[in-house]
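Peer 1: Structure incoming, see below.
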Amino acid sequence: MDQSRIRNFSIIAHIDHGKSTLADRLLQRSGAISERQMREQTLDDMELERERGITIKASAVSVDMPVDGVSYMFNLIDTPGHVDFHYEVSRALAACDGALLVVDATQGVQAQTVANAYAAVENDLHIIPVVNKIDLPGARPEDTALEIEHVLGIPVDDVQFVSAKSGDGIEEMCRSIVKLIPPPSGDRAGHLQGLVFDAVYDEYRGVVCFTRISQGRIRKGQKILLMGRERQYVVTELGKMRPGRVVVDSLAAGEAGYFVASIKTLADVTVGDTVTDALNPAAEPMPGYDPPKQVVFCDFYPAGGEEYDELRDALSRLSLNDASFTFQPQSSDALGFGFRCGFLGLLHMDIVQERLERECGVDVVQTAPSVTYEAQLTSGEVVRVEAAGDLPSIDKIAELREPIIETQIITPAESVGSIMKLADQRRGIFKKQEYLSPQRVMLTYEFPFNEILYDFYDRLKSVTRGYGTMDYHVIGFRTSDLVKMDILVNGKAVDALSVILHRSTADRRGRKILTRLRQEIARHLFEIPLQAAIGSRVIARETIKPLRKNVTAKCYGGDVTRKRKLLEKQKAGKKRMKTIGNVDIPQKAFMAVLEPED
Amino acid sequence: MSEIVRSIYAHVPFCHTICGYCDFYSEVLDRNAVTPLVDALIAELDAYAVATSIAADTIFVGGGTPTTLPAVELRRLLTRLAQCANSEASLEFTSEANPATVTPEIADALVAGGVNRVSIGAQSFDKSELRVLERIHHPPQVAQTVATCRAAGVDAISLDLIFGVPGQSMNAWLSNLQAALALEPDHLSCYGLTYERGTPLFDQLATGVVTRVESELEAEMFEATIDTLAAHGFDQYEISNFAKPGRECRHNLRYWRNEPYLGIGPSAAGFVDGVRYKNVPDTAAYVRASRLGQSARISEERLDAAARSRETMMLELRLREGVARGRFADRFGADPAALFRDAINRHLSLGLLEVDAGAVRLTRAGQLVADSVIADFI
């Protein structure tokens with residue numbers, strides 16, 4: 001199709017603002033799917049995504065769209081909705097020429113609205129603001145449009161007012177897509193250059209790469225080169241999703257679609273890579289090649305120690321279609337053999353953990369998440385520290401640095417005081433306060449990442465009675481007075497419970513962890529001291545008193561077997577625990593370091 | 001040739017009402033089910049008498065409430081059981097009884113059937129505690145029952161009491177003990193209340209309708225029991241059992257010493273020829289199997305010597321005399337102090353076990369946490 005009739009764009013939005021419904025409405029209007037076929041949220045295909053309302057995997061759909069009697073091709077490039085997948089969002093946006101920024105008329109601008117809009121601006125995209133859900137009783141379309149103008153500097157006049165649910169305003173919105181989003185440019189006779197903006201694993205065909213062709217043409221049978229990886233393949237299938245798979249012979253500059261090329265695993269493909277012709281390659285790759293960065297780490301141990309193999313296989317399987325988490329063997333005195341896993345963020349961690357249990361049927365014990373620290377050694381070398389146990393000995397460390405995030409928090413104005421108090425407790429540095437409207441405020445803060453890891457979002461929701469939203473991104477590392485705190489149970493340090501934290505929070509956290517441990521560890525036949533220590537200095541202690549009474553009164557009328565089985569059961573329960581320093585520690589206790597602070 | 005069985009347990013599953021804490025197999029008395037049940041019990045015993053050498057010196061009829069049976073049927077059952085007695089030894093023949101079920105007629109039937117020991121489920125002398133336990137009797141009925149049994153010629157009386165009843169104070173428990181002692185029993189069983197899964201009381205605990213007595217208080221009650229009864233001449237010969245000298249329950253000692261016994265009746269457990277078995281816990285199914293000439297057993301377990309030695313530890317450690325090292329060595333070919341050296345040393349150092357030339361036994365502190373200690377020997 002002629003480039004002037006093509007529009008490549010994404011729909012971006014805060015979670016639940018109606019992105020998927022709007023996409024479905026466009027598909028339906030194009031005739032690509034009938035009313036009958038239309039399931040809700042066609043673009044989200046994984047069970048988990050549907051349940052959590054989160055789009056994890058980006059995909060692209062091409063539809064013929066009649067606008068004022070002329071047929072256009074709209075390529076909808078879907079983006080993940082959550083900040084953890086910021087990198088994937090930015091790659092998807094790089095494949096677009098414009099973006100629809102959807103804002104819920106009952107909710108107004110939210111933190112991810114801002115984050116997504118910034119990402120679109122970074123990619124030089126033309127943004128069409130779309131105020132959605134105008135049919136709902138609580139809708140404030142004009143106020144919402146004013147907020148958009150205020151925060152994002154997009155004039156009210158450009159705002160489209162729609163109801164994705166009823167279809168109101170969709171016609172007009174399509175007109176402005178044609179009018180305002182520029183058609184793709186790019187020399188179709190030039191050397192092939194295409195951005196791989198997403199890749200999914202298909203059991204039968206191997207890796208399916210989604211690409212937007214910027215220059216030249218890709219053909220079936222062509223020998224291609226992935227420039228970043230310097231690997232060559234032969235294209236075995238080309239196609240478009242409409243939204244069902246439709247095979248084509250070629251994709252030309254301006255078009256978006258997918259190619260299959262006998263690529264075995266997702267690890268062989270990097271999203272953001274450039275595909276070019278192996279014999280006549282483009283002079284240079286397109287900008288934006290950047291491997292995903294894992295910023296949150298935790299350990300997964302098989303809940304039953306024997307299931308190590310199963311866990312390893314399950315992690316391998318998951319990594320086939322999620323190349324952005326990493327795992328490597330890990331072992332702990334307390335928990336045995338397991339894996340240290342890296343994630344793009346907390347949500348990403350939760351998703352992987354859930355998929356492990358749901359799709360792979362493996363029960364895991366998960367240790368508390370931690371962030372990556374940087375240690376500057378006296379030798380000058382800088383090392384990454386992913387777990388307290390990896391911390392080099394203190395005399396070798398010149399300086400410790402922790403990751404810092406910048407966060408935008410959007411909140412009702414009356415909650416600002418509570419948020420500032422919360423931020424103070426979490427070592428937040430206030431940067432900026434902007435009024436979106438007289439009732440709503442956007443606060444910008446910097447936080448040490450580890451201060452928001454556990455429960456910050458829950459606390460934010462609670463102090464804003466559910467109205468607060470936040471978004472964050474890592475902005476770098478900063479020198480900090482960090483210490484390693486050990487937890488000793490019956491005089492023995494438990495490696496899985498050691499944490500790196502700021503010196504000022506150590507006392508409070510130490511006491512919290514011990515209180516929680518005291519609740520989780522059952523009384524034993526002897527007294528168990530619990531201690532939190534920095535180096536050799538004990539900063540908190542607790543005691544678990546010895547068991548006072550545990551005796552079955554009767555012998556069940558001679559039913560000895562029953563009595564024995566009761567005791568055996570009690571013993572089996574003990575077996576599933578980890579014994580450290582003669583103390584049986586239940587798996588739940590290892591989550592003690594996660595205990596929310598208040 | 002199989003070993004000689006010297007003890008018989010017979011289970012009568014009927015009760016007038018089912019108590020909220022009880023998890024023994026029992027059902028509300030159905031008059032029409034009595035005769036078929038007694039027929040089946042006798043048939044089961046007959047079958048064992050053919051295949052097994054029985055020369056009983058202890059017989060125990062439990063339940064349920066055996067004294068809910070009509071006198072005629074009760075006597076028919078007891079008479080058949082008594083025929084299994086070893087004529088050359090003295091027989092301890094116990095029946096359980098609940099207050100409010102022992103009429104003079106029933107007491108006469110017991111004695112006429114050969115019973116010489118009655119174990120009465122008193123549980124408490126406090127009205128409100130009895131209500132929590134869902135017992136149907138009134139406090140004064142315990143004394144009446146004791147008197148009725150003595151008048152009929154019962155030789156030994158044992159009373160069951162429960163401590164740690166929700167809402168019970170230390171003083172309330174001590175009053176119960178005094179009330180029991182006033183009846184001059186020969187034997188007392190004092191049980192800490194156990195919340196058994198599947199009982200109404202367990203659900204009440206789970207839903208917060210009743211509150212468990214603090215474990216500290218329960219421990220103090222237990223210790224006060226030992227001291228109070230000792231002062232009245234009762235020896236604690238097993239964790240929960242106290243007797244005047246020579247009045248220990250020989251039948252229960254068979255269990256604790258891990259010796260064989262025959263069990264008959266629905267849900268009854270037995271241990272014969274190295275096999276532990278359990279009968280089906282359903283009267284209708286039990287009667288039906290009997291009528292069809294089928295086995296009543298629902299499960300069997302043959303233990304090897306190692307398992308038997310572990311069970312022996314589990315059981316004998318509950319006895320004040322402890323695990324007799326000589327007898328244990330005779331049975332299993334090894335001294336328990338050597339066989340379980342690690343576990344014994346651990347608990348010796350914690351002061352929970354004591355070992356001397358004759359036996360391995362729990363200390364007073366060890367009795368309080370007996371399950372935790374015993375678990376290490378299983």
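Every number in this text was worked out from the coordinates using simple rules, so none of it is lab data. Values in this document were obtained by computation on a predicted structure and should not be read as measured data. Every residue, glycine among them, receives a Cβ derived from its backbone with ideal geometry; neighbour counts consider all protein chains shown.
Peer 1: Would you mind giving the mean number of other chain beta-carbons within 10 Å of the Cβ of each residue in B:305-318, as a whole number?
Peer 2: 1
Peer 1: Using the 10 angstrom Cβ neighbour count as an exposure proxy, how do A:Ser324, A:Ser536 rank, fewest first?
Peer 2: Placing the least packed residue first, the sequence is A:Ser536, A:Ser324.
Peer 1: Set the bar at 24 Å for Cα to Cα. Now go through A:Lys554/A:Lys588; A:Lys549/B:Lys278; A:Lys484/A:Lys545; A:Lys396/A:Lys484 and name every pair that lies beyond it.
Peer 2: Over 24 Å Cα-Cα: A:Lys554/A:Lys588; A:Lys549/B:Lys278; A:Lys484/A:Lys545.
Peer 1: Have a look at the range A:297-366 and give its Rg and Dmax from the Cα atoms, expressed in angstrom.
Peer 2: Taking only Cα atoms of the range A:297-366, I get Rg and Dmax of 10.8, 32 Å.
Peer 1: To continue, here is another question. Between 0 and 90 degrees, rounded to the nearest ten: what's the tilt of helix A:503-520 against the longest Cα principal axis of chain A?
Peer 2: Between the helix axis and the principal axis of chain A, the angle is about 70 degrees.
Peer 1: If you don't mind, another one. For every other residue with a beta carbon closer than 10 angstrom to the beta carbon of A:Ile224, add +1 if it is Lys or Arg and -1 if Asp or Glu, then tell me the sum.
Peer 2: +2
Peer 1: Report the one residue of B:Tyr191, B:Leu78, B:Ala375 whose Cα lies farthest in the direction of the positive end of the charge dipole of chain B (charges on C-beta: Lys and Arg +1, Asp and Glu -1; origin at the Cα centre).
Peer 2: Checking the options against the dipole of chain B, the answer is B:Leu78.
Peer 1: Okay, next question. Just the Kirkwood number for the range B:106-255, please: inverse of mean 1/r across all distinct Cα pairs, in Å, one decimal.
Peer 2: With all distinct Cα pairs of the range B:106-255 included, I get 16.2 Å.
Peer 1: Given Cα pairs under 8 Å that are at least 6 residues apart, what percent is the relative contact order of the range A:374-479?
Peer 2: Relative contact order comes out at 34 percent.
Peer 1: Taking every DSSP beta bridge with both residues inside chain B, roughly what % is antiparallel (nearest 5)?
Peer 2: 40 percent
Peer 1: Could you please report the charge total around A:Ser379, scoring K, R as +1 and D, E as -1 over all other residues with beta-carbon less than 15 angstrom from its beta-carbon?
Peer 2: With Lys, Arg at +1 and Asp, Glu at -1, the neighbours total -3.
Peer 1: Something else about it: In terms of the Cα gyration tensor, with a ≥ b ≥ c the square roots of its eigenvalues, is the range B:166-303 rounded because a/c is under 1.5, prolate because a/b exceeds b/c, or oblate?
Peer 2: oblate
Peer 1: Kindly work out what percent of the DSSP beta bridges joining two residues of the protein assembly as shown are antiparallel, to the nearest 5.
Peer 2: 70 percent
Peer 1: What angle, in degrees between 0 and 90 and rounded to the nearest 10, separates the Cα long axis of helix A:170-180 from the longest principal axis of the Cα atoms of chain A?
Peer 2: On a 0 to 90 degree scale, this one is about 80.
Peer 1: While we're here: In a shell of Cβ-Cβ distance under 15 Å around B:Gly167, excluding B:Gly167 itself, what net charge do Lys and Arg (+1) and Asp and Glu (-1) give?
Peer 2: So the surrounding residues net to -1.
Peer 1: State to the nearest 20 debye the size of the charge dipole of the range A:374-479 about its Cα centre, where the only charges are +1 on K and R beta carbons and -1 on D and E beta carbons.
Peer 2: 460 debye
Peer 1: At R0 = 30 Å, how high is the FRET efficiency between B:Ala147 and B:Asn171 if r is their beta carbon distance? Nearest 0.05 is fine.
Peer 2: Result of the calculation: an efficiency of 0.65.
Peer 1: Just to be sure I understand the model, the point goes 7 Å from the Cα along the line to the Cβ. What's the resulting A:Glu122 to A:Thr515 distance in nm?
Peer 2: 3.9 nm
Peer 1: Using only the alpha-carbon atoms, how far is helix A:308-321 inclined from the longest principal axis of chain A? Give it as 0 to 90 degrees, nearest 10.
Peer 2: The angle comes out near 20 degrees.
Peer 1: Determine the shape class of the range A:252-393: with a ≥ b ≥ c the square roots of the Cα gyration tensor eigenvalues, call it rounded for a/c under 1.5, and otherwise prolate if a/b is greater than b/c, oblate otherwise.
Peer 2: Judged from the Cα gyration tensor, the range A:252-393 comes out oblate (a/c at least 1.5, b/c at or above a/b).
Peer 1: Another one. Report the charge-dipole magnitude of chain A in Debye, nearest 20, computed about the Cα centre from +1 at each Lys and Arg Cβ and -1 at each Asp and Glu Cβ.
Peer 2: It comes to approximately 2660 debye.
Peer 1: What is chain B's relative contact order, in percent, from Cα pairs under 8 angstrom and six or more apart in sequence?
Peer 2: Once divided by the residue count of chain B, the mean separation gives 15 percent.
Peer 1: Something else: I'd like to know which of A:Ala261, A:Ser331, A:Ile213 lies farthest towards the positive end of the charge dipole of the protein assembly as shown, counting +1 on Cβ of Lys and Arg and -1 on Cβ of Asp and Glu.
Peer 2: About the Cα centre, the residue reaching furthest to the positive side is A:Ser331.
Peer 1: How far is it, in nm, from the label point at A:Val382 to the one at A:Phe430 when both lie 7 Å from their Cα along the line to the Cβ?
Peer 2: Going from the A:Val382 label point to the A:Phe430 one covers 3.1 nm.
Peer 1: Next question. Within the range B:32-49, which residues have the backbone N less than 14 Å from the label spot 7 Å out from B:Ser295 along Cα→beta-carbon, could you tell me?
Peer 2: So the set is B:48.
Peer 1: Based on Cβ point charges of +1 for Lys and Arg and -1 for Asp and Glu, what charge dipole magnitude is obtained for the range A:316-450 about its Cα centre, in debye rounded to the nearest 20?
Peer 2: With Lys and Arg at +1 and Asp and Glu at -1, about 320 debye.
Peer 1: Follow-up. Compute the Cα gyration tensor for the range B:1-89, then decide on rounded, prolate or oblate, letting a ≥ b ≥ c be the square roots of its eigenvalues: rounded whenever a/c is under 1.5, prolate when a/b is larger than b/c in the other cases, and oblate in all that remain.
Peer 2: Because a/c hits 1.5 or more and a/b exceeds b/c, the range B:1-89 counts as prolate.
Peer 1: Put a dot 7 Å past each Cα toward the Cβ at B:Glu354 and B:Ala231; how far apart are the dots in nm?
Peer 2: Between B:Ala231 and B:Glu354, the simple spin-label model gives 2.2 nm.
Peer 1: Return the ratio Rg/(2.2 N^0.38 Å) for the range B:309-375, where Rg is computed over Cα atoms only.
Peer 2: This ratio for the range B:309-375 stands at 0.97.
Peer 1: Let's test the formula: R0 of 30 Å, r as the Cβ-Cβ distance of B:Ala284 and B:Ser87. What FRET efficiency results, to the nearest 0.05?
Peer 2: Between B:Ala284 and B:Ser87 the formula returns 0.25.
Peer 1: At 222 nm, what helix-only mean residue ellipticity would chain B give, in deg cm²/dmol to the nearest 500, using -39500 (n - 2.57) for each DSSP H run of four or more?
Peer 2: Computed ellipticity for chain B at 222 nm equals -12500 deg cm²/dmol.
Peer 1: Which of the peptides B:254-261, B:341-348 is most tightly packed, and how do the rest follow, going by the mean number of other Cβ atoms within 10 Å of each residue?
Peer 2: The densest-packed peptide leads the list: B:254-261, B:341-348.
Peer 1: Can you tell me the Rg and the Dmax, both Å, for the Cα atoms in the protein assembly as shown?
Peer 2: 38.8, 118
Peer 1: Also, quick follow-up: Normalised by the residues of chain A, what does the relative contact order come to in percent, with Cα pairs under 8 Å and at least six apart?
Peer 2: Relative contact order of chain A: 9 percent.
Peer 1: OK, next. How are the C-alpha pair distances of chain B spread across 10 Å bins, as whole percents from the shortest bin up?
Peer 2: 5, 22, 32, 28, 12, 1
Peer 1: Another one. Given the rule -39500 (n - 2.57) for each run of at least 4 DSSP H residues, summed and divided by the residues of chain A, what is its mean residue ellipticity at 222 nm, to the nearest 500 deg cm²/dmol?
Peer 2: Helix-only estimate at 222 nm: -7500 deg cm²/dmol.
Peer 1: Would you be so kind as to identify which of A:Ala23, A:Gly228, A:Ile452 lies farthest towards the positive end of the dipole of chain A, taking Lys and Arg as +1 and Asp and Glu as -1 on Cβ and the Cα centre as origin?
Peer 2: The residue sitting most towards the positive pole is A:Ile452.
Peer 1: Shifting gears a bit: Kyte-Doolittle mean at least -0.5 and Cα extent at least 27 Å along the axis: which DSSP H helices of chain B qualify?
Peer 2: Those that clear 27 Å and a mean of -0.5 are B:31-51.
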